[in-house]
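Below is one structure, written out as structure tokens; comments come after it.
The values are calculated or read from the model by the stated rules, or taken from the named source; none is laboratory data. Please read these numbers as outputs of a predicted model, since none were measured by experiment. When we count neighbours, we look across all protein chains shown, and the Cβ atoms used for this are built from the backbone with ideal geometry, even at glycine. For the accessible areas, the whole protein counts, side chains as well, though only heavy atoms, and no ligand, DNA or RNA atoms are used. Shrake-Rupley method; radii C 1.70, N 1.55, O 1.52, S 1.80 Å.
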Amino acid sequence: MPQQTWTAVDDYFNGLLVEEDDALLAAAADSEAAGLPAHQVAPNQGKLLHLLARIRGARTILEIGTLGGYSTIWLARALPEGGRLVTLESDPRCAAVATANIARAGLERVVDIRVGKARDSLPVLADEGAGPFDLVFIDADKPSNPEYLEWAVRLTRPGSVIVGDNVVRDGAITDPAGDDPRVQGVRRFTELIAAHPELTATTIQTVGAKGYDGFTLALVTGGPTG
């Protein structure tokens, strides 16, 4: 199927099921205008994250990789009164755009943006006792995915949900000899999940306006899954 068909299908379902209000549209537009990479989730993927958080009944969310704050807005809007979202962004330029986008959406009191490398911010969160988080969304530099997974497990509890984005890599994930560090990071991430006694997971391939990719959905069980 051509990309044109995938995009048309997304447009059809998004038109019926996914409502992007002014704040979301402006977040995407301002991110593009600022020259940020076009790596934010698609509208239907943002809605999926929103629904997962609501289904889980999440009160605390950790996002690793803020970019322009588009997915942050979707996730934060799923939180109940008193809920909290912590999002980690290494690039100050992205964080500045996200801060403005999140404020425009009226979520500045819900969202805590931490600027700096996630590998530095995550231990700080642990020291602060910021967890356990009910949902963790991992969407940052893929070579570090194994390290992010380790921290995600440490900062969650049984019943928490971990979502890893962009794991199919246009099918490159199937090549064990590939030299792309992003692919190798995702492969190791997946192998660690498969071997982890406190996680059960699946991966779904996706096609759409963002091309061919997929996401991994893991549940923290707290013990052997059998």
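Table for the structure above
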quantity	calculated
Scope the range 1-33; condition modelled with pLDDT of 95 or more, outside any helix (DSSP H, G or I) and aliphatic (A, V, I, L, M); matching residues	V18
The one condition in (1) within 14 Å of the chain's Cα centre (by Cα); (2) crowded, with 23+ Cβ neighbours inside 10 Å; (3) not acidic (D, E) that A27 fails to fulfil	(1)
Scope the range 170-205; condition of a type in the set (V, I, T) and at pLDDT below 95; matching residues	I173, T174, V183
Cβ-Cβ under 6 Å pairs, at least 6 apart or on other chains, the range 112-138 side within 21 Å of L79 (Cβ to Cβ), far side modelled with pLDDT under 95 and in a helix (DSSP H, G or I)	none
Residue list for the range 185-214, restricted to those being surrounded by fewer than 19 Cβ atoms within 10 Å (Cβ to Cβ), assigned to a helix (DSSP H, G or I) and in contact (Cβ under 8 Å) with a residue 24 or more places away in the chain	R188, L192
Close pairs from the range 157-177: first of a type in the set (S, T, N, Q), partner modelled with pLDDT of 95 or more and in a loop (DSSP other than H, G, I, E, B), Cβ under 6 Å, at least 6 apart	S160/D134
Which numbered condition A38 fails, given (1) open to solvent by 20 Å² or more (accessible area, probe 1.4 Å); (2) of a type in the set (A, V, I, L, M, F, W, C); (3) at pLDDT 95 or above	(3)
Out of R93, R104, R109, sole residue that is modelled with pLDDT of 95 or more, among the basic types (K, R) and closer than 23 Å to L52 by Cα	R109
In the range 43-89, the residues that are open to solvent by 50 Å² or more (accessible area, probe 1.4 Å) and under 14 Å from E108 (Cα atoms)	R77, E81, G82, R84
Looking only at the range 115-137, and only at residues there that are open to solvent by less than 50 Å² (accessible area, probe 1.4 Å) and part of a strand (DSSP E or B), the one that is farthest from L88 (Cα to Cα)	L135
The range 90-113, residues that are open to solvent by less than 50 Å² (accessible area, probe 1.4 Å) and under 21 Å from I138 (Cβ atoms)	C94, A95, V97, A98, N101, I102, L107, V110, V111, D112, I113
